[in-house]
1. If you go through region 94-122, how many residues are under 30 Å from residue 183 (Cβ atoms), out of contact with any helix residue (DSSP H, G or I) (no Cβ under 8 Å at 6 or more places or on another chain) and surrounded by fewer than 17 Cβ atoms within 10 Å (Cβ to Cβ)?
2. Taking residue 71 as the residue in question, decide whether it is among the aromatic types (Phe, Trp, Tyr), within 23 Å of the chain's Cα centre (by Cα), modelled with pLDDT under 90 and not assigned by TED's automatic domain parsing to the domain that holds residue 189.
3. Please determine whether any residue of region 56-76 is surrounded by 12 or more Cβ atoms within 10 Å (Cβ to Cβ) and either touching a His at 6+ places or on another chain (Cβ under 7 Å) or basic (Lys, Arg) (or both).
4. Would you please name the residue that is farthest from residue 42 (Cα to Cα), looking only at residues in region 150-205 that are of a type in the set (Val, Ile, Thr) and modelled with pLDDT under 90?
5. If a residue counts only when it is more than 30 Å from residue 82 (Cβ to Cβ) and outside the structural domain of residue 52 (by TED's automatic domain parsing), which helices (runs of 4 or more DSSP H) contained entirely in region 92-194 have at least 1 such residues?
6. Please specify each residue of region 2-27 satisfying the condition of being of a type in the set (A, V, I, L, M, F, W, C) and exposed (fewer than 10 other Cβ atoms within 10 Å of the Cβ).
7. From the list 145, 84, which one is surrounded by 14 or more Cβ atoms within 10 Å (Cβ to Cβ), within 30 Å of residue 53 (Cβ to Cβ) and either of a type in the set (Ser, Thr, Tyr) or in contact with a strand residue (DSSP E or B) (Cβ under 7 Å, 6 or more places away or on another chain) (or both)?
8. Going by the structure shown, is residue 52 assigned to a helix (DSSP H, G or I) and closer than 26 Å to residue 187 by Cα?
Amino acid sequence: MGEMTVPEGYMEDSMGRLVRIEHVSEYDKLKDETVNTILERAFQVQQEIKDFKTETMGDFYALMEMAFEKYDAKVGGKKGNAQITSYDGKKKVAIAVNESVTFDERLQVAKSLIDVCLIDWTKDGRTEVKTIVNAAFDVDKEGNISTYKVMSLLKFEINDDRWQRAMKAVRDSLSVLCSKKYIRFYHRTGIESKWQAIPLDIAAV
């Protein structure tokens, strides 16, 4: 159902009832007007920020493509982190890409292969490696496995075919759920000064 059209001379209350204006207190009228005015402006600002983001992305990547063309190179996609700085070195625009990743069922294959390795490696009673590796598969309160901990296993160079197959299964099980681009703006008063972020978060202004 669409929104109800409020007849002239009435106001709709929070229960969806129509109340004649003369029965609404002056304070409630003023409060309603204030909220509506603020929200109208908020929607305008939201759209302005969306437009600004689109324009900024367009200008940023247009410059990147120009740089690639200058060196006769092919642009390899628009997913990497990058930044550009003003000529005087006092202003900077940076784009960062944050990817949310997850593991599929092949992670269980990797865990099975790893378990076989650990049983073999700890026959002499040394359990340090087992403790370190098993910690990578610990789950948090929500039952999620830490991507960072699992991926940290890839740094171990172990010359064992079972381990190598397990690490391949880890890599193959990884998939990107979604990626978000963040634009950040910085400025500084001098070359030796620290970069200061320009916050666009309304709570940080």
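1. Of region 94-122, the ones under 30 Å from residue 183 (Cβ atoms) are 94-103.
Right, trim to out of contact with any helix residue (DSSP H, G or I) (no Cβ under 8 Å at 6 or more places or on another chain) and you get 94, 96-100.
Subset that is surrounded by fewer than 17 Cβ atoms within 10 Å (Cβ to Cβ): 96-100.
So the answer is 5.
2. Judged against the criteria, residue 71 is not a match.
3. No: region 56-76 contains no residue that is surrounded by 12 or more Cβ atoms within 10 Å (Cβ to Cβ) and either touching a His at 6+ places or on another chain (Cβ under 7 Å) or basic (Lys, Arg) (or both).
4. Quick first cut of region 150-205, residues of a type in the set (Val, Ile, Thr) only: 150, 158, 170, 176, 183, 189, 191, 198, 202, 205.
Now narrow it down to the ones that are modelled with pLDDT under 90: 158, 176, 202, 205.
Numbers: 158: 56, 176: 33, 202: 11, 205: 15 Å.
Among them, the one singled out is 158.
5. 106-121, 128-135, 161-173
6. Passing the criteria: 4, 15.
7. 84
8. Answer is yes for this residue.
The values are calculated or read from the model by the stated rules, or taken from the named source; none is laboratory data. The shown structure was predicted, so the numbers you read here are calculated from the model rather than taken from an experiment. No Cβ is skipped: glycine too gets one built from the backbone with ideal geometry, and neighbour counts run over all protein chains shown.
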